[in-house]
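Please read the structure below before turning to the comments.
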Amino acid sequence: MLTLAVTSAVVFAVLDLLPGNVAQVMLGESATPEAVAALERKLGLDRPAPQRYLHWLASLARLDLGTSHAYDTPIAELVAERLVVTLPLALLAMALTVVLALAAGVYAAAHHNRAGDLGVMAASQLGIAVPSFWFGILLVMLFAVQLSWFPSGGFPGWTEDEGGGPWDALQALVLPAVALAVVQAAILARFTRAAVLDVLREDFVRTARAKGLTRRAVLWGHVLRNAMVPVVTVMGLQFANLVTGTVVIENVFSLPGLGRLLFQAISNRDLPLVQGLVMLIAATVVTINFVVDLLYAAIDPRLKAVGR
């Protein structure tokens, strides 16, 4: 709660200090000063900043994100409409990240200081260096323009009534999910490799091998589970990064998600919408970190013993 309180103060202060007039932006440059002043009174912009901040906090306490100035629609409704794009995109990207990173990290650790390890590390370094939006453009040029395997952008919807369907919607999310996952998988693969190498030096690994277990069984059945505590920590942070990373990717692929909504809100200087979306993202990060803390005990039984 303290984190969210500090975040709310910073967000409000930064946005309140931005130059420009919201009412003037909404009415246009040709609007008269009287019309601008009337709209400011209607939106409550004529009140002192501390009063507006306290009013906003009271609304957040009631789980009321407020109303968008530009859309004249409750922010909660806008979020619900766009979340059906952003959440599946983030989940698909996270699934690809975990599969690629765990496979690459464990493989690199199992082939430490050999060609396989060096190859994975070189590929991960390249993945970290490539910006996700630039990689997304390359994916569009290859798989959408040249090969025509996937759509280049847009979102048809999850139902036939919206003009699409589950398969069409999933196809529209594949390329942006890959663009988001590559960078995160490269980072996570390095953490996985380091964590697995640390566990491989433990005595219980030699004991398991002495009992006749195969190297594969020890690696995936014992080593990986004990190495998952630091890896899960990074996963939690990465899921938050994937949610925030959609701001750029959704604009590259013209996806009507939260990221594009935030970009449009900033362009329109729709301060309530920007504030609501930023606080929603902050609350998501805090929640994910809390869930990760709860998962520690389930992953590592030693933590249960310490807590007793």
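The values are calculated or read from the model by the stated rules, or taken from the named source; none is laboratory data. A quick note: this is a predicted structure, and the numbers were derived from the prediction, not measured. Here Cβ is always computed from backbone atoms with ideal geometry, including for glycine, and neighbour counts include all displayed protein chains. Just the protein is used for accessible areas: all its heavy atoms, side chains included, with ligands, DNA and RNA removed. Shrake-Rupley method; radii C 1.70, N 1.55, O 1.52, S 1.80 Å.
On the basis of being in contact with a Lys or Arg (Cβ under 8 Å, 6 or more places away or on another chain), assigned to a helix (DSSP H, G or I) and at pLDDT below 85, does residue 297 make the cut? It would help to see each step written out before you state the result.
On the way: in contact with a Lys or Arg (Cβ under 8 Å, 6 or more places away or on another chain): yes; assigned to a helix (DSSP H, G or I): yes; at pLDDT below 85: yes.
In short, yes.
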Test: residue in the stretch 267-274 that is among the polar types (S, T, N, Q), outside any helix (DSSP H, G or I) and either within 28 Å of residue 65 (Cβ to Cβ) or open to solvent by 50 Å² or more (accessible area, probe 1.4 Å) (or both): yes
Test: residue in the stretch 61-68 that is out of contact with any helix residue (DSSP H, G or I) (no Cβ under 8 Å at 6 or more places or on another chain), open to solvent by 20 Å² or more (accessible area, probe 1.4 Å), without any contact (Cβ under 8 Å) to a residue 24 or more places away in the chain and part of a helix (DSSP H, G or I): yes
Scope the stretch 31-45; condition closer than 17 Å to residue 66 by Cβ and open to solvent by less than 100 Å² (accessible area, probe 1.4 Å); matching residues: 39, 40, 43, 44, 45
Among the candidates 199, 218, residue that is more than 15 Å from residue 102 (Cβ to Cβ) and either of a type in the set (A, V, I, L, M) or in a helix (DSSP H, G or I) (or both): 218
Scan of the stretch 1-30 for residues that are crowded, with 17+ Cβ neighbours inside 10 Å and at pLDDT 75 or above, ordered by number: 7, 8, 11, 12
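Determine which member of the set 53, 107, 71 is farther than 17 Å from residue 238 by Cβ, open to solvent by 30 Å² or more (accessible area, probe 1.4 Å), touching a helix residue (DSSP H, G or I) at 6+ places or on another chain (Cβ under 7 Å) and not in a helix (DSSP H, G or I).
Details: 53 fails: not in a helix (DSSP H, G or I); 107 fails: not in a helix (DSSP H, G or I).
Selected residue: 71, the only one of 53, 107, 71 that is farther than 17 Å from residue 238 by Cβ, open to solvent by 30 Å² or more (accessible area, probe 1.4 Å), touching a helix residue (DSSP H, G or I) at 6+ places or on another chain (Cβ under 7 Å) and not in a helix (DSSP H, G or I).
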Residue in the stretch 239-247 that is touching a residue at least 24 places away in the same chain (Cβ under 8 Å), among the hydrophobic types (A, V, I, L, M, F, W, C) and open to solvent by 20 Å² or more (accessible area, probe 1.4 Å) present: yes
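A quick yes/no check of all residues on (1) open to solvent by 10 Å² or more (accessible area, probe 1.4 Å); (2) in a loop (DSSP other than H, G, I, E, B); (3) modelled with pLDDT of 90 or more:
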| site | (1), (2), (3) |
| --- | --- |
| 151 | yes, yes, no |
| 154 | yes, yes, no |
| 157 | no, yes, no |
| 174 | yes, no, yes |
| 177 | no, no, yes |
| 183 | yes, no, no |
| 191 | yes, no, no |
| 194 | yes, no, no |
